[in-house]
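This report refers to the structure that appears directly beneath it.
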Amino acid sequence: MKSKKKGQEEMVGFGIIMVIVAVIALVFLALYLSRSSSDIREDYATASFVEGVLSYTTECHEPGKAFIDVRELIYFCNSAQKACALGIDCELLNETLRGLLEASWDVGANAAVKGVEMSITSESKEIFYYVEGNATAEYRGYFTEFPRRGEFLKIAFKAYS
Amino acid sequence: MVKQAQFKIQQTAFMLVALTIFFVLVGLVFLGFQFSNTREDADQLKADQATLLVSKLANSPEFSCEQAFNENKENCVDFDKILVLSENKEKYSNFWGVSDIKLRKIYPEIEGEVMCTKENYPECNVVHFIEEEIRGNYVSNFVSLCRKEMGEREVYTKCELAMLLVSYEEYYEE
């Protein structure tokens, strides 16, 4: 009788060990499956978009002088010195950036990109801000800054998915 | 006494065998799961290769602005150069190892799809490089599309925003 009970106890013990090992294996499997792959490709898309925007040649120029790109126009919009005829630097910057954003990103509730947001700031003020669609918890983005005459101009862009 | 000891040894042996079989089964299940992702991994690898190729294309001598615009810009595509390249596409049909390469100007916007030729350049928005049966998925990258333009008194560099699209074939067809 005693030996039968002992045998049963040992079987139960063995079964418990099997269950514990199975649970630990499942936990490791769950952790392995839940790891997210890096989104380097998609960050590259937002980075190349922002760099392409900064290199875009605007319609801004003083008579007899060369057209300036968005990077330079941001600086002139922020400073007292103006580069465009009639001093419409900020208006032109606004119009150009909005056009670029609307043409480049297909934003919608049913689209891959649910929303976009771009902000350009200096150390003292906000130069440009644009948002379209909905901000979600998941996004890919790019941030850069460049110095101009002792001041840093910062650009942040996010594409929500 | 001896029989009891033999019985104990047998017990331990059976337990070890059972444990080994159990871990072998777990390992087989895990390996089966790993190998079932091989097809997706192969497609992902191709997609990564295509994305890298998109980046490399934009900075390759055939596409890149290089020193033509007095600056070494990354992801800068020379519009003048690629127009000539597109007219010699048969010479480059197997050069890059992808199904299709297309360049699409995004801004300023042009209505519809206007293929670039010598006659309508630069008032066009699509340059197509490979004329083969197109299969597979596209990956893309934003680039600066730059060219020389005549101003009031001098030639200047004009850069617009475009997208470089590369198509790669999936390893398995469904």
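The values are calculated or read from the model by the stated rules, or taken from the named source; none is laboratory data. These numbers were taken from a predicted model, which means no experiment stands behind them. Reconstructed Cβ throughout: ideal geometry from the backbone, glycine too, with neighbour counts over all protein chains shown. Note: accessible area is taken over every heavy atom of the protein model, side chains too, but ligands, DNA and RNA are not part of it. Shrake-Rupley method; radii C 1.70, N 1.55, O 1.52, S 1.80 Å.
Annotation for segment A:55-151: trypsin sites (Lys or Arg not before Pro) lying in DSSP loop with at most 16 further Cβ atoms inside 10 Å of their Cβ are A:LYS65, A:LYS82, A:LYS125, A:ARG149.
Suppose R0 equals 22 Å; then what is the FRET efficiency for B:GLU62 and A:ASP43 from their Cβ-Cβ distance, rounded to the nearest 0.05?
According to the calculation, E is roughly 0.25.
Please report the carbon-and-sulfur percent of the accessible area for chain B; probe 1.4 Å, protein heavy atoms only, DNA, RNA and ligands left out.
Looking at chain B in its full context, I get 56 percent from C and S.
The share of accessible area on segment A:93-161 that comes from carbon and sulfur is 44 percent, using a 1.4 angstrom probe.
Listed values for segment B:4-20 are Karplus-derived 3J(HN,Hα) couplings in whole Hz (6.51 cos²θ - 1.76 cosθ + 1.60, θ = phi - 60°), namely 5, 5, 4, 4, 4, 4, 4, 4, 4, 4, 4, 5, 5, 4, 4, 4, 4, and x replaces Gly and Pro. Distances between placed amide hydrogens fall under 5 Å for B:ASN137 paired with B:TYR168, B:GLU170, all partners being 5 or more residues away or on another chain.
The GluC sites (Glu not before Pro) of segment A:63-139 that DSSP puts in a loop, and whose beta carbon has at most 16 other beta carbons within 10 Å, are A:GLU123, A:GLU138.
So what's the net charge close to B:LYS118: Lys and Arg +1, Asp and Glu -1, counting the other residues with Cβ under 13 Å from its Cβ?
Once all neighbours under 13 Å are counted, the net charge is -4.
The C-alpha atoms of chain A define a longest principal axis, and helix A:2-34 lies at about 10 degrees to it.
Residues in segment B:30-39 carry Karplus couplings, in order, of 5, 5, x, 5, 4, 6, 5, 8, 4, 4 Hz; the curve used is 6.51 cos²θ - 1.76 cosθ + 1.60 with θ = phi - 60°, and Gly or Pro positions show x.
Given 10 °C and 1.306 mPa s, how large is the Stokes-Einstein diffusion coefficient of the protein assembly as shown in µm²/s, with Rh as the Kirkwood radius over Cα pairs? Calculated translational D: 65 µm²/s. Once C-alpha pairs closer than 8 Å and six or more residues apart are averaged by separation and normalised to the residue number of chain A, the relative contact order reads 17 percent.
Ignoring ligands, DNA and RNA and using a 1.4 Å probe, state the total buried accessible area between B and A in Å², rounded to the nearest 100. That pair hides around 2700 Å² of surface in total.
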